[in-house]
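The values are calculated or read from the model by the stated rules, or taken from the named source; none is laboratory data. Predicted model, so just to flag it, every value in this text is computed and none were measured. All Cβ positions, even for glycine, are placed from backbone atoms using ideal geometry, and neighbour counts span all protein chains on display. Areas reflect the complete protein model, heavy atoms only, side chains present, ligands, DNA and RNA absent. Shrake-Rupley method; radii C 1.70, N 1.55, O 1.52, S 1.80 Å.
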Amino acid sequence: MKSNVGILGLGIIGSRVAENVRKAGHEVFVWSRSARAVPNFLASPHEVAEAAGTIQIFVRDSTALLEAIQDMLPALKAGHLVMNHATVSKKATLEAARLVEETGASFMDAPFTGSKMAAQNGKLAYYVGGDPLMLERARPILEASGAKILSLGGVGDAMVLKIVTNLVSAVIVEAVSEAAAITKANGIPLEKLHEALESNANYSTLIGMKLPAIIKGDFEAHFSLRNMLKDADFSRELAAEAKLSVPAIDCTAAAMRAGVDAGKGDLDFCVIGDR
């Protein structure tokens, strides 16, 4: 069934999701902090909620998520489904769910994995936390931009899993960057490092994506350093709450913070080891 779908946030991912949802035949209404010359661009999240029964949120951070929801609250009612796809803190996720559900509307915790090209090609993977019945309602919309839809528990559970999987990605790319720096310092072409890793058990899709970019010095943002640092800090907050020591992500976060402070925050996070 075709639906009226609202999309909040037209960054690298949200803009491409909007295109794919529109191509799937749904009527799409959009809003972003930066005005865009796109069809059905509305003036506020409130107006989007008035126009669409299902709303997908792709804003930058926890503050932006809660501000968007606060703006929508007067328009939300039973029958609305709000899905948050932005990676935010677990605390913000639970607060967003509380605010939405107090209106009688439904909320799903639905962060994704995949960057610019995955969004463009409809190959995102959605991690979903929430009511399975709501997931079935949302499935045709999520399938417009996602190749995998994983039901991972309750609201908040999917967000925790997204945060910790990004922890792994950040640490791996930092390790690959350090390996590249050592390889280069020893006068060995970085292409040889790639060749060696391809036959190693630790080779992965992530290494296959990021090492060629490191070799070329091509840091066009597919997932920005600033956003990966944000997610690393969320993982460190979760660890602190559980009184856990996490030295790997602590060191990686420090390296990313130095990169952001050096003005590299809007570049791809594989710039982490650019020295």
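If residue 243 satisfies all but one of (1) basic (Lys, Arg); (2) part of a helix (DSSP H, G or I); (3) over 24 Å from the mean Cα position of the chain (by Cα), what's the number of the condition it fails?
Among (1) basic (Lys, Arg); (2) part of a helix (DSSP H, G or I); (3) over 24 Å from the mean Cα position of the chain (by Cα), the lone unmet condition for residue 243 is (2).
I'd like the full set of residues that are open to solvent by less than 20 Å² (accessible area, probe 1.4 Å) and closer than 18 Å to residue 139 by Cα, limited to the stretch 1-12.
5, 6, 7, listed by residue number.
Within the group 88, 59, which residue is open to solvent by 10 Å² or more (accessible area, probe 1.4 Å), closer than 21 Å to residue 113 by Cβ and among the aliphatic types (A, V, I, L, M)?
59
If you scan the stretch 112-136, which residues turn out to be surrounded by fewer than 17 Cβ atoms within 10 Å (Cβ to Cβ) and of a type in the set (Lys, Arg)?
Of everything in the stretch 112-136, just one residue is surrounded by fewer than 17 Cβ atoms within 10 Å (Cβ to Cβ) and of a type in the set (Lys, Arg), namely 123.
Hey, can you tell me all the residues within the stretch 1-47 that are in a loop (DSSP other than H, G, I, E, B), farther than 20 Å from residue 69 by Cβ and without any contact (Cβ under 8 Å) to a residue 60 or more places away in the chain?
2, 25, 35, 36, 37, 38, 39, 40
Take the residues of the stretch 111-140 that are among the hydrophobic types (A, V, I, L, M, F, W, C) and in contact with a helix residue (DSSP H, G or I) (Cβ under 6 Å, 6 or more places away or on another chain): which is farthest from residue 206 (Cα to Cα)?
128
Could you tell me which residue of the stretch 72-88 is farthest from residue 163 (Cα to Cα), considering only residues that are touching a Pro at 6+ places or on another chain (Cβ under 8 Å) and among the aliphatic types (A, V, I, L, M)?
Within the stretch 72-88, the match that is farthest from residue 163 (Cα to Cα) is 72.
Does residue 55 satisfy being of a type in the set (Val, Ile, Thr), in a helix (DSSP H, G or I), at pLDDT 95 or above and more than 22 Å from residue 166 (Cα to Cα)? Before the answer, list the steps.
Values: of a type in the set (Val, Ile, Thr): yes; in a helix (DSSP H, G or I): no; at pLDDT 95 or above: yes; more than 22 Å from residue 166 (Cα to Cα): yes.
Answer is no for this residue.
Hey, among the residues in the stretch 263-275 that are modelled with pLDDT under 95 and part of a helix (DSSP H, G or I), which one's farthest from residue 181 (Cα to Cα)?
272
Under 18 Å from the mean Cα position of the chain (by Cα) and without any contact (Cβ under 8 Å) to a residue 24 or more places away in the chain, is that true of residue 226? Let's see the steps before the verdict.
Values: under 18 Å from the mean Cα position of the chain (by Cα): yes; without any contact (Cβ under 8 Å) to a residue 24 or more places away in the chain: no.
Answer is no for this residue.
How many of the residues in the stretch 74-96 are over 18 Å from the mean Cα position of the chain (by Cα) and either modelled with pLDDT under 95 or of a type in the set (Gly, Ala, Ser) (or both)?
To start, the set of residues in the stretch 74-96 that are over 18 Å from the mean Cα position of the chain (by Cα) comprises 74-81, 95.
With either modelled with pLDDT under 95 or of a type in the set (Gly, Ala, Ser) (or both) added as a condition, the list becomes 75, 78-79.
Matching residues across the stretch 74-96 total 3.
Consider residue 95 carefully, then state whether it is without any contact (Cβ under 8 Å) to a residue 12 or more places away in the chain and either open to solvent by 10 Å² or more (accessible area, probe 1.4 Å) or in a strand (DSSP E or B) (or both).
When the stated conditions are applied, residue 95 does not pass them.
Checking the structure you have, find out if any residue of the stretch 149-161 is open to solvent by 60 Å² or more (accessible area, probe 1.4 Å), of a type in the set (S, T, N, Q) and not in a strand (DSSP E or B).
no
Residue-by-condition table, conditions (1) surrounded by fewer than 19 Cβ atoms within 10 Å (Cβ to Cβ); (2) in contact with a Pro (Cβ under 9 Å, 6 or more places away or on another chain); (3) of a type in the set (Val, Ile, Thr); (4) part of a helix (DSSP H, G or I):
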site	(1), (2), (3), (4)
177	no, no, no, yes
181	yes, no, no, yes
187	yes, no, no, no
203	yes, no, no, no
211	no, no, no, yes
235	no, no, no, yes
248	yes, no, no, yes
252	no, no, yes, yes
261	yes, no, no, yes
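Starting from residues that are at pLDDT 95 or above and touching a helix residue (DSSP H, G or I) at 6+ places or on another chain (Cβ under 6 Å), keep the ones in the stretch 216-225 and report whichever is most open to solvent (accessible area, probe 1.4 Å).
Filtering the stretch 216-225 for residues that are at pLDDT 95 or above and touching a helix residue (DSSP H, G or I) at 6+ places or on another chain (Cβ under 6 Å), the one most open to solvent (accessible area, probe 1.4 Å) comes out as 219.
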